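All of the numbers you see were taken from the coordinates with simple rules; none came from a lab. Model, not experiment: these values are computed from the prediction. Backbone-built Cβ (ideal geometry, glycine too); neighbour counts: all protein chains shown.
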Amino acid sequence: MAAGNEVSSTYYIQHHLQNLTFGKHPDNGWSLASSAEEAREMGFWAIHLDTMGWSIAMGVLFIWVFRKAGKMATTGVPSGLQNAVEMVVEFIENLVSATFHGRNPLIAPLALTLFVWILLMNTLKIIPVDYFPELFARLGVDYMKIVPTTDPNATLGMALGVFCLIIYYSLKVKGVGGFAKELSLTPFNHWALIPFNLVLEIIGLLVKPLGLGLRLFGNMFAGEVIFILIALLPFWAIWLLDVPWAIFHILVVTLQAFIFTTLSVVYLSAAHEHH
C-alpha cells in the first residue's frame, strides 16, 4: 500500500509539473506530446501550449482592464477600477523616476507592462492546483499548467526581450565605439587589461538576462511545488497549511513582479548612461 501511495504521489507531482506540449518529431511531423520524454525529443520545436495560452490571456486581460479604465476615466469621483489603475500607474511612474536617469518615453510603459503582466501571471498560482487540471482532463486535455512564470521558457523569453533592449540602447546611445570602449576599459582603464575587462564585462552582461529569468522562474516554481505537496496531505492539513501559504504567496507574487521590473529599469538606465 505504501509503495502504491508512493507511485501515486510521484505521478501526481510529475503530472502537475508537466506542460501541455505541441511540437515537431523528426519522424512523424507535428504532434501533441504526452510525456516529458517526447517533449525533450522535440527540442527547440516544442511549444508549451498552456504557457503560451495563459500568458497571452493575461496580456489580453491587462490590455482590456486598462483600456476600460481609460475609457471610464473621469475628473470627478473615480470608480474603484480607475483608482486601482491610477495607483499602479503612479507606482510605476515613481519607480521609473527614481531608478531611470535617462530620457526615453518607452521605459515607463515598458515597466508598467512588465509589472502588471507578470503580476497577473503570478496571481494564477493562487487558484487551487487541482482545479484547472481536473477541468481540462474532463475535456480530454491531459496536462495543464496555468502559471506561465513556472515555465523557464516564459521567464527567460521576457528576460531575453529586456536584454535585446539593453543591447539596442547601449549601441544607440553610446554608439558602437562607445559601447566597445565601455566593455574593454571597465573596470580597469588600461590597455593591457582589456582582455581581462572584456571577460568580466561580457560575463556580467550575459548574466543579466539569466538572472532576471531564472530568479522569477525559481521562486514561482518552488512555490508551485509546495502547493502541490500540500495538496497531497490529508484534508485537515490542507486547510491548515494551504490558506496561510496562499496568503504568504500573495506577497511573493507581487514581490517577484516588482523585482523583475525594477532590475529591468535599472539595466536599461545603465544602457543610457555614457559613463
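State all residues of the stretch 128-150 that are more than 21 Å from the chain's Cα centre (by Cα), surrounded by 14 or more Cβ atoms within 10 Å (Cβ to Cβ) and either among the hydroxyl-bearing types (Ser, Thr, Tyr) or more than 17 Å from TYR11 (Cα to Cα) (or both); if no residue qualifies, say none. Hit for the stretch 128-150 is PHE136, nothing else.
Confirm whether ALA154 is touching a residue at least 40 places away in the same chain (Cβ under 8 Å), assigned to a helix (DSSP H, G or I) and under 24 Å from GLY223 (Cα atoms). In short, yes.
Of the listed requirements (1) surrounded by 14 or more Cβ atoms within 10 Å (Cβ to Cβ); (2) touching a helix residue (DSSP H, G or I) at 6+ places or on another chain (Cβ under 8 Å); (3) of a type outside the set (Val, Ile, Thr); (4) free of Cβ contacts under 8 Å to residues at least 60 places away in the same chain, LEU193 misses just one: (2).
Looking across LEU205, LEU198, LEU212, LEU240, one residue alone is exposed (fewer than 14 other Cβ atoms within 10 Å of the Cβ), free of Cβ contacts under 8 Å to residues at least 60 places away in the same chain and hydrophobic (A, V, I, L, M, F, W, C). It is LEU240. Looking across the stretch 90-103, the residues that are buried (at least 16 other Cβ atoms within 10 Å of the Cβ) and not aromatic (Phe, Trp, Tyr) come down to ILE92, LEU95, VAL96, THR99. A single member of SER170, SER264, SER184, SER269 is polar (S, T, N, Q), surrounded by 13 or more Cβ atoms within 10 Å (Cβ to Cβ) and without any contact (Cβ under 8 Å) to a residue 24 or more places away in the chain, and it is SER184.
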